[in-house]
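Any read-out appearing in this document is the output of simple, stated calculations on the displayed coordinates, not a laboratory observation. This one's a predicted model, so the numbers in the text were calculated from it and none came from an experiment. Cβ placement follows ideal geometry from the backbone for every residue including glycine, while neighbour counts extend to all protein chains displayed.
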Amino acid sequence: MTALRFRSTSRRSHLILAAVAFTVCTIALTWPIGSPALNLLPDSDDAYFSVWRLGWVGHQMAVDPLHLFNANIFFPAKGTLAYSDAMLLLGVVASPLQWAGLHPVAIHNFLLIISFVAAGLGAWMLCVRLTSDPLAAFLGGFVFAFAPFRFAHIGHLELLWTAWMPLSLWLVHDLVDAPRVRTGVLLGISVSLQMLCSIYYGVFLALYVGLALAVLCILKRANVTKALLVPTGCAVLIALVITAPYLVPYAGSRQETGPRPKSEVAVYSASLSDYVRVPAENRLYGRHIPAVAPDERSLMPGLVAIALALVAVFLARSGTVGLYVALAVFSLDASLGVHGWTFPILQWLLPPLQSLRSPARFGALVLLSLSVLAAIGMNRAFGAGSRRRRAVALGLVVVVCAAEYCSVPLQTRAPEMTPHPVYRWLAKQPPQTVVLELPTPNPSQLWLYESTYQYNSIYHWRSLVNGYSGFAPADYLATLRSLQSFPDEASLRRLRGLSVDYVLLHREYLGEERYVGLMETLTRDADFVGPWTFGAGVATIQVFQLK
């Protein structure tokens, strides 16, 4: 393979230039979320959920870190933060910013922007190591950072934090080239940090790294396997020490929720056709046609990336190419979930994987494999020319890639950056106050306005009967069923059993007829005190106290 060799003294300048380039590309391709105001969220309930998770971790770390996972949703359920990915590392990083007074929405958007830059830089570093060509490596970083799959998950902050994937592979290569305990420790830390950002990606990355180590040992055909035993053992030990305490609450939640139904896993298992699918918002290929789980199964890496990966396969035959082809095949088959061979075997070998519903997320590791192959293909195709010619070629290829990946302007929503008066009032109530906000969803049609109620709780942190997460606990569903006939005796008995103090009526969400009917009924009902009126017009929220 032809590779551009560059002096170690220039590596820092290359890194700085790459960071600036990825930052500019990120702001352009995430507009208007990346605008300086940082006050627009992706148009997704999950974005509200991500803001709430960041806010909760910051709040609870300050007041009661020992009960971090007993979040304020689905009251009186315990361990509710473990009903979905807590993205603990991001919450811990965000906490000082929150304590300093920065709004959780701005913190969320800052972390979102940094996730793209970090992913691009991580893949760039890996590709530089494998090609010694910073220009070709930029193409690999661009593919990994900005492919449509990432914009399909723009509302899932934890799934945007993939920078630890290429860094872990960088350490795998370093470990095999020169087995050292220090490198093993760093590898264990890197995989753990990915787990603390996203449990899905942490588990998938651990499997991917294991396969990469095995293939590299075979390719080396030397005593490297023996030399790797201690460093690899250190990597495994460090990963277990860091992640085991974090995973304990999830083991408890799994006892309540059980394994995912096979029918649900099937919905979130990819098909081969998903690798030519993009989000509907994609400007070049997108179509506003309903699709099954479009956020999870928009897996197209782009025609340019595929073409350059094929160049690597056919023209740059090497052990490195063979490794990443093997990793791509493994990840692709695993992403097929119930439709493939790999994921069912993994579930049989590792029963905790039965709690994961979206094998299609292995597509992130397919993307990493292809980004490396694309960088190698770029180097093979243009590495022999002059620096200027190669820079022009890279510019043209990146422009075409950007056209393939572009979804600008991204669809956004404007969250409430200042609390409604009712939430200021709730913040002054005793900490043990329990709140129910109406309307609630039908149990068969989750989630209605639950994510909005949950987002607004960042302004008061009182316990909510309402909730939005990856799981819906049985008691919550039972409450929703009882509320279909609210305010009859059975539903009131249910609310008293939950120790509900206040019921909030949202005029905007209930609709005028339902709102007026409930106001008349509850005002006359001896079981309630109130109402107290907050806001005006359609934004009016009425508060009733349950005796």
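For the reader, a short list of remarks on this structure follows.
- Cross-link partners for LYS226 among the aspartates and glutamates, with Cα-Cα distance under 20 Å and sequence neighbours closer than 8 places in the same chain left out: ASP174, ASP177.
- Extension gain from ARG180 to VAL241, taking 0.36 nm per residue of separation minus the Cα-Cα distance: 20.0 nm
- In the chain, the longest principal axis of the Cα atoms and the axis of helix 164-177 are about 30 degrees apart.
- Centre-to-centre, using Cα atoms only, region 273-329 and region 353-413 are separated by 9 Å.
- Residue-span extension gain [ALA427 to LEU477] - 0.36 nm each, minus C-alpha spacing: 15.3 nm
- FRET efficiency estimate (nearest 0.05) - Cβ-Cβ, VAL292 to TRP99, R0 41 angstrom: 0.45
- Taking chymotrypsin sites (Phe, Trp or Tyr not before Pro) across region 126-228, none is in a DSSP loop with at most 16 further Cβ atoms lying within 10 angstrom of its Cβ.
- Cβ-based exposure ranking for ASP45, ASP525, in which fewest neighbours within 10 Å come first: ASP525, ASP45
- Sites matching trypsin sites (Lys or Arg not before Pro) across region 323-398 that sit in DSSP coil, with at most 15 neighbouring C-beta atoms within 10 Å: none
- The distance separating the Cα centre of region 56-103 from that of region 422-436 comes to 18 Å.
- Principal-axis tilt of helix 134-146 within the chain, Cα atoms, nearest 10 degrees: 20 degrees
- Of all DSSP bridge pairs formed entirely within the chain, close to 65 percent run antiparallel.
- From the coordinates shown, Rg and Dmax of the Cα atoms in Å corresponds to which of (1) 24.1, 72; (2) 25.2, 85; (3) 28.8, 100: (2)
- Partners for LYS547 among aspartates and glutamates (Cα-Cα distance below 20 Å; same-chain residues under 8 apart left out): GLU437, ASP488, GLU489, ASP501, GLU520, ASP525, ASP527
- Dipole magnitude (debye, nearest 20) for region 179-315, charges at Cβ of Lys, Arg, Asp, Glu: 520 debye
- Cα gyration tensor, region 421-546 - rounded (a/c under 1.5), prolate or oblate: rounded
- For the chain, the longest principal axis of the C-alpha atoms and the axis of helix 104-131 are separated by about 20°.
- Between ALA414 and ARG514, the simple spin-label model (points 7 angstrom out along Cα→Cβ) gives 2.6 nm.
- The length gained by stretching the chain between ARG12 and SER485 to full extension, at 0.36 nm per residue less their Cα-Cα distance, is 163.7 nm.
- Taking every alpha-carbon pair under 8 Å whose residues sit at least 6 apart, region 421-546 reaches a relative contact order of 27 percent.
- Selection from GLY91, ALA312, THR243 lying farthest towards where the dipole of the chain points positive, charges on Cβ: ALA312
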